[in-house]
1. Distances over 22 Å make up what percent of all Cα-Cα pairs in segment 218-333?
2. Where nothing but the Cβ of Lys and Arg (+1) and of Asp and Glu (-1) is charged, how large is the charge dipole of the chain around its Cα centre, in debye to the nearest 20?
3. Looking at the P(r) of segment 57-138, how many percent of alpha-carbon pairs lie beyond 18 Å?
4. If you count, for each residue, the other Cβ atoms within 10 Å and average over each peptide, how do 170-177, 313-320 line up from highest to lowest?
5. When only C-alpha pairs under 8 Å and at least 6 residues apart count, what is the relative contact order of the chain, in percent?
6. Provide the three semi-axes, in whole Å and in decreasing order, of the ellipsoid equivalent to segment 148-262 as defined by the square roots of 5 times the Cα gyration tensor eigenvalues.
7. Just the projected area, averaged over all directions, of the convex hull on the alpha carbon atoms of segment 97-204: how many nm²?
8. Considering just Cα atoms, how many Å³ per residue does the convex hull of the chain enclose?
Amino acid sequence: MGDRGPDRKAPLDGWRAAWLNGGMKNIPVDPARFLADLHALRRFGGDDATKGVRRRALMPDDIAARDWLAGRMQEAGLAVHFDPVGNLFGLAEGPSLLLGSHSDTQPEGGWLDGALGVIAALEIARALREAGGPQVSVVSFQDEEGRFGALTGSSVWSGKLPLEAADDLVATDGTRFAQARAALGARAGDFVDPGRFSGFLEMHIEQGPVLDQAGEAIGVVTGIVGLRQLHVTVRGQQNHAGTTPMAHRRDAFGAAAKIATALPDRFAGIVTPQSVWTIGHIVLHPGASSVVPGRAEFSLQWRDIDAGRLDRMEAAITELLADVAADTGCEVSVARLRHDLAPMPMDAAMQAALSAAAETVAPGRWRAMPSGALHDASNLAGLMPVGMVFVPSIGGISHAFEEDTAEDDLVTGLRVLAEAAARLG
Ligand code: GLV
Ligand code: MN
Ligand code: MN
């Protein structure tokens, strides 16, 4: 470092003195401004009757929200940049830490899932600039919620998913990713070089019941679960619902239901209470009350923090699908819906900075814990040191309009993230 000249001898006080002297990194974030921005973002796609949001990736509300965010980034002195898939960056001048999350939502999403991490990042970037501290960059990744894939924007940016492969992803409404991202128009620039970032910090709601039930304020994430997902197609015989005797049916839904109900038994001895699996989307063909379904197509997803257990669950699924095909006379085929996501540990130094920040801001009211939800942080872990911090979800509810967190907890999370960013800055 060069000589700071006269500044060096000038008396320093308050936050800046503490900063330069390496003491407590109390960044003067503004909780009221942070909460006002969080509520302002909710208005894009906000449901009238609840606190929830519908802001699907690359649909008009998502793009309008990104344009609004871009304006807030610019006001905060950051250089606004959209990449070809709609990831939105607010860039600090030089190399910096990157903070953020995503601003797209599930079809019936909560107001905080993703938005919280983006707006917290924006407030910290703004507060640091005002206070003369080190600059940080801000990001809102695109399609974290998987309208097209899962973590699509960060998967492409991190090089895990080629852009051409992403372009072929199709939403359940039939829209191709290539067609959807064309709506970015002239906004879309090149990909940002990940090499300009020294690390990534993401704040998020827990989306589960652990912190809420324990009455704790903060979770420092140790690792993010791995996820695999299959698209299963069951083909039976489409037939008349009144004239086809039960014994003569090859009912595609009946076979799909057998698969769903047999999974817990097949997984016994393999899974732990933290292992999860979900059939979240199913389509029956032709989908009419008086027709025995000839085809059932559904997603089958499973998650665990241990890669070996994900393998053993997959082997049990493969065996079950073959058994149901043999028992029912239906044909069962599978395709992988998207690339597998491996379980991802968080960086040790990032965890240490977040733990120290949590102990400073919320002494005795935090814990280290794994994440059962996916996050863009998982994709970035191969590129740079990554850390995540959770705040409680009331009742453990998320991916639903009822999702919420006490405002005190939101602000505690903001202060922990700011403190950690300062320690790492
Ligand atoms: C993302 O929200 C996920 O965990 O599926
Ligand atoms: Mn999220
Ligand atoms: Mn989510």
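Readers should treat all values here as calculations from the given coordinates under stated rules, not as data from a laboratory. Bear in mind the structure is a predicted one, so any value in this text is a computation, not a measurement. Cβ placement follows ideal geometry from the backbone for every residue including glycine, while neighbour counts extend to all protein chains displayed.
1. In whole percent, the share of Cα-Cα pairs in segment 218-333 beyond 22 Å is 40.
2. That gives a dipole near 320 debye.
3. Of the Cα pairs, 38 percent sit more than 18 Å apart.
4. Packing proxy ranking, top to bottom: 313-320, 170-177.
5. Relative contact order, the chain: 22 percent.
6. Each semi-axis is √(5λ); the values are 40, 27, 12 Å.
7. 7.6
8. 150
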